[in-house]
Every structure is written in C-alpha cells, then in structure tokens.
Amino acid sequence: MSKYILKINDLTKSFTSDKDKSPLLFDSLTIEFPAGAVIGLMGTNGAGKTTLFNIISRLVDCDKGNIWYDNGDKQIDLLKLKANVLKGIGIGRLFQDNHIFADMTILDNLLIGGEDSFGETPFITLFKRKKHKEKEKIRVAKAKMILTELFGKDNYFWQNRNNYASELSYGQQRLLGIARLLMSDHKLLLLDEPTAGVHPEIREMICEVIRKINTSKGVSIIIIEHNFKVIEVTADECCFIDQGEIAAVGPPEDIIGNPIVRKKYIGI
Amino acid sequence: MLLIQLLINGIIMGAVYSLASLGFAIVYNTTKIFHIGYSALYMIAPYFFWQLYTKLGLNISLSIFVSIILTMIISILIDKTIYQPLFIKKSSSNVVTISSIGVVTIIVNVIAMIFGNETKILNSDIANTIKFSGMIVTYPQVYQFISSIIIIIIFFIVLKKTNLGIIIRAFSNNDVLVQIMGINILRTRLLLFGISGIMIAIAGLSISYDVGMDPYIGMPMLLNVIVAFIIGGIGSFAGPLIGGFFIGVIQALTIWMFSSKWQSAITFIILIIFLIFRPQGFLGKKEREV
Ligand SMILES: Nc1ncnc2c1ncn2[C@@H]1O[C@H](COP(=O)(O)OP(=O)(O)OP(=O)(O)O)[C@@H](O)[C@H]1O
Ligand SMILES: [Mg+2]
C-alpha cells in the first residue's frame, strides 16, 4: 500500500439540512492523495473543489466521514481539529480569492506567514522584545530572500514593502499569498487556483515554484486548477470531481484525454 | 473665556468618548458584532464600585480595581455565553444584534431591581478644583482625562509594537486568513472582550464618580460612542479617537451656542451629515470599488 498524505474517507456534505430539496454535495467521497506528489484537482465550476479544501482546512464542517492526515509519525483525523492548528502540523493553504490582510503592509503580510510569527504566546513575547526583534530580523531577511528568488532582485514587492497590501492588484495579491506560503515549512499545501488571472509569464513562474517546492522539499501539494497546461506541467497525478464524486483519477495526460473530462470542459 | 472653558470641558469629555469608542471598535473591527451590550457594561462598573466602596467599605483603589475586573469578566462572559454560540451556529448579524439588545435589557433590569431606579452619587464632596488663568478643572475631570489618555496610549503601544497587536490588526483585517495563520479566534475574542470591558469600565467609573449614575446611563453613552465610532471611520483604531474628541468638542460648542439640551440632537445631526457626505468617516478605508 502506498503512503498517503491525506486519506478522505466516506465524506458526506450538504449545505442544507433538508436532504430531499438539495442533493448532497459530497456523498461518501473516498479518495487517497499520495505523499510527496503534486496532485491536480479538476472539476467544473461548483463541483465542490473549494468546499473540499474548506472542509480539509476546517473552515467548513461536514456531515460525516474522516480525513486522515499523515503527520510523518502518526495519523491524525483532521476533522477533530480546529482551523488554527493546521499551520502547526504543516498544512498551508492558498485561497481562491482571499489572499491578503488589506490594512497591513506588504512586508507584514509576509512576516505573518513565518514560523511562530505571533511569538509562542503573545503575552510572554510582549515582554521579551529583544528576542522577538532578533527573530523578526531573521524573518525579514527570509521574506526578502523569497521575494528575490520569486520575482528578481528589484522586485515590486520588496521595493514597496511598506505600502498597504490593499493597493496591490488582484494578481499581485495572489502572488503575495503564494510568497507567504513559502515563509514557513509545510508538509501539505492546498492551492486553490494559484494561476487564475495572472500573466502567462508569471503563470510559468508559479508552475516552476510549485514543482520546486515539491521536488526540493518533498512537500505534497494539491492544486485546484482549470488550466490544462498548468496541470500538465505541475501535476504527477490528477483527479476530476464531477457532481461530488471522483469521476476519473490518473496521470494528467489520461485525465485530459478522458472523454468525460473533455465533454465537461470543452463540450466534445 | 467661557468658550475656552467649554472647550477644555469638551476635550476632557472627548477623551472619555475616545476611550469608550475605542473599546467598541476593538470588538466591532474584529468580530463585526454591533455590541449594544457594551452600554450595560458602562453602567454596571460604577454599580460594582458603589457596592464595594459605599456598601462594603473597601478602600477606594481596591474598589476601583475590583470593579474593573468584574466588568471585564462580565464582558468576557457575554461573548462566551451569547455571542460565541451564535457565531459557531453562523447566526446572522441581526440575530446577534437583537440578542445584544436582550443582554442590555436583562442587565439593566437586574441592576434596577437590586439597586433601585434612583440616581446614586458616588462622591458627595464638593469636587476640588484646579484653577489656572481663570479656567477651572475639577479633580474628577482630571481623573477622566488622565485615565482615558493612559489607557489609549497603552493600547496603541500594544497595537503597534507587540505580537498581540499584530494579531488584533490581522484579525480585524481578515478573520478567515488569520485562523489559517494559526490564531484561535475564539480565544482571541475573549481577550478582546476583556480589553474592551476594561476600557468601558474605566469610562463608566470616571464619569459616574463625577456625576453619579442610574441604571439607564448606558444608552445615551452608547449613542455617543457609536457616533464617534462611525464618524471616526469604521474599521480603523485611530478613528474612534478623532471621532471621540470631535464629538466632545462639538457638544461643548453646542452648549456655548445653544444650550446643553441640544447636545444629543446636534450629535445626531452630525452623524447624519457624515452618513450622507462622508459615510466612511474621517479615517474610513477607501475600498477598491472596482
Ligand atoms: N457556504 C455555502 N453555503 C451554501 N452553499 C455553498 C457554500 N459554499 C459552497 N456552496 C455550494 O457548494 C457548491 C460547490 O462550491 P465550491 O465553491 O466548492 O465550487 P468549486 O468547485 O470550487 O467551483 P469553482 O471552480 O467555481 O471555484 C456550489 O454549488 C456552491 O453553491
Ligand atoms: Mg473554487
């Protein structure tokens, strides 16, 4: 049996309590995501991809099921946890359209993604300013390094680091969200349409980053994407969700060539 | 001369409005709860003090300290037992606001039942005053001003310089993302309600020490707080300060130009003018609209 990073078991979810009126979004969804791989998650609009991420990251409750997460030394049922502990066990998330703390500076937006970014406990670090300052210096250096690696030496983000993040364009906000994820180490990244609405050149760069995080650090990545090309370049494996069920699983080429998928996406 | 005296009074009152409004903003900016229950806390703090100081004969600083702590605990309990369960059930903000009105009603009735409806005087001495070049400031006014300013300053140091400040700013910006960043917002809320409770307790104590209290002082104060909060700019933390001093000074000018009876009316006229011409307030964020 192959090692998994996430095993979704018998997951059932509906958004209304009246089961007859609206069908279940997920009806006993069962799927295993292999560890150390990039997995593409495809599906039509409204298929439930984002909702699946929301359940995994504990922002939305489900009706039934388990989600087993392999933490390296033990298996944890994520459904028993709260949203705020996921970062601590190595799960990071990029949202579809919610990337920034608007009234914080670009730099603060990055720093907040760092390990221990709030101190061990805010009250204790309240009085340990010196130690905190040193840690912060390290975090700032890391932020600078990440931005340089991603966007080059004289990048917009670093030069305008003290501007409010709300001034960024939507594409830039998404990039900032991606850069923030790199501020700490993860075991699993959930990326919700990381390349939607960004420039083709930047899209290639993001694909490269995704591959690099995966190969150099062995981070498992689940990526929701509508763009065939992105899936082709980044994903080792791909699964297609249709009407709350897994309609097809396999290597990206197969999925993209799959008649059901082609019918849903291209209409042929 | 009278004008300057009134302006001084206005600025002192403005400091108290600022503090009270800041406590309201701490709750609203993060949780988006229109915390009407806040008005009950303004009233209950001096009643705790009255019980401890006048009835039980504790010394004054201990009485002040304990009544602030008790008010803080009630503030936390309101969140824990009423707002948080509604939040977890994902109730609409209308439901939360209505339950908040319920909180006030209950607390006001309980206090009226226990202590009676009549006005209670906390400090029956003729207030000592400080006179300088014809101006008069009473000692209670000095306490009002200094305690408000100190608490405001402490809060802004915490907000700008500490990890807790980052959490508060991040929380008020984006309550979903902040959870993904590792913050337990339910626990943070308790802390914020505690801070907010301390602020309104100090405002309530310092005003009631000056002019006494009855069970119904909360609502008029809340109206000032809300107006200061709105014209200062919803969502910001500096807004309540600007709004608070603005209201304080305007009300002083109202006394000068018309009479003190017009204070509330003028306050609301200002609110309406703001809502029409500058709904985002002095410091409101300019959202990206398109
Ligand atoms: N909070 C909610 N309350 C009610 N229904 C919801 C809620 N969130 C999602 N849904 C419904 O669940 C379904 C799946 O939504 P979801 O956002 O997961 O789709 P998606 O696969 O991410 O689509 P897209 O590709 O457009 O992002 C939709 O029909 C949506 O209306
Ligand atoms: Mg989606």
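General remarks:
The rows are residues; the columns are (1) in contact with a Cys (Cβ under 7 Å, 6 or more places away or on another chain); (2) of a type in the set (A, V, I, L, M, F, W, C); (3) open to solvent by less than 70 Å² (accessible area, probe 1.4 Å).
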| site | (1), (2), (3) |
| --- | --- |
| B:101 | no, yes, no |
| B:114 | no, yes, no |
| B:120 | no, no, yes |
| B:126 | no, yes, no |
| B:133 | no, no, no |
| B:138 | no, no, yes |
| B:142 | no, yes, yes |
| B:150 | no, yes, no |
| B:154 | no, yes, no |
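- Qualifying residue in segment A:242-254 (condition: hydrophobic (A, V, I, L, M, F, W, C) and within 16 Å of ligand 2 (Cβ to nearest atom)): no
- Filtering segment B:1-26 to residues that are farther than 14 Å from residue B:238 by Cβ and β-branched (Val, Ile, Thr) leaves B:4, B:8, B:11, B:12, B:16.
- Restricting segment A:35-59 to residues that are more than 10 Å from ligand 2 (Cβ to nearest atom) and open to solvent by 30 Å² or more (accessible area, probe 1.4 Å) leaves a set whose member that is nearest to residue A:214 (Cα to Cα) is A:36.
- For residue B:111, the conditions (1) within 14 Å of chain A (Cβ to nearest Cβ); (2) not in a loop (DSSP other than H, G, I, E, B) are fulfilled apart from (1).
- Enumeration of residues in segment B:76-86 that are more than 18 Å from residue B:39 (Cα to Cα) and without any contact (Cβ under 8 Å) to a residue 60 or more places away in the chain: B:85, B:86
- Those residues of segment A:40-60 which are at negative phi and modelled with pLDDT under 90, in sequence order: A:44, A:45, A:47
- Residue pairs meeting the criteria (Cβ under 6 Å; at least 6 apart or on separate chains; first within 22 Å of residue A:207 (Cβ to Cβ), in segment A:40-69; second open to solvent by 40 Å² or more (accessible area, probe 1.4 Å) and within 13 Å of ligand 2 (Cβ to nearest atom)): A:50/A:96
- Every test in (1) modelled with pLDDT of 85 or more; (2) within 13 Å of chain B (Cβ to nearest Cβ); (3) in a helix (DSSP H, G or I) is passed by residue A:114 save one, and that test is (3).
- As a summary of the residue check, residue A:219 satisfies the conditions (1) over 18 Å from residue A:183 (Cβ atoms); (2) buried (at least 20 other Cβ atoms within 10 Å of the Cβ) except for the one numbered (1).
- Options B:192, B:186; residue that is touching a residue at least 24 places away in the same chain (Cβ under 8 Å), surrounded by fewer than 17 Cβ atoms within 10 Å (Cβ to Cβ), closer than 30 Å to residue A:106 by Cβ and within 14 Å of another protein chain (Cβ to nearest Cβ): B:186
- Residue count for segment A:78-109, restricted to those that are assigned to a helix (DSSP H, G or I) and either under 16 Å from the mean Cα position of the chain (by Cα) or facing chain B (nearest Cβ under 10 Å) (or both): 9
- Unique residue being assigned to a loop (DSSP other than H, G, I, E, B), away from chain A (no Cβ under 14 Å) and open to solvent by less than 10 Å² (accessible area, probe 1.4 Å) when the list is B:240, B:215: B:215
- Residue ID - nearest to residue A:178 (Cα to Cα), chosen from residues in segment A:46-77 that are among the acidic types (Asp, Glu), away from ligand 1 (no atom under 11 Å from the Cβ) and in a loop (DSSP other than H, G, I, E, B): A:73
- Residue check for residue A:210: in contact (Cβ under 8 Å) with a residue 40 or more places away in the chain, away from ligand 1 (no atom under 16 Å from the Cβ) and of a type in the set (A, V, I, L, M): yes
- From the list A:181, A:176, A:191, the lone residue that is under 22 Å from residue A:155 (Cβ atoms), within 14 Å of chain B (Cβ to nearest Cβ) and within 16 Å of ligand 1 (Cβ to nearest atom) is A:191.
The values are calculated or read from the model by the stated rules, or taken from the named source; none is laboratory data. Values in this document were obtained by computation on a predicted structure and should not be read as measured data. Here the Cβ is made from the backbone with ideal geometry for all residues, glycine too, and neighbour counts use every protein chain on show. Keep in mind that these areas ignore ligands, DNA and RNA; they rest on the heavy atoms of the full protein, side chains included. Shrake-Rupley method; radii C 1.70, N 1.55, O 1.52, S 1.80 Å.
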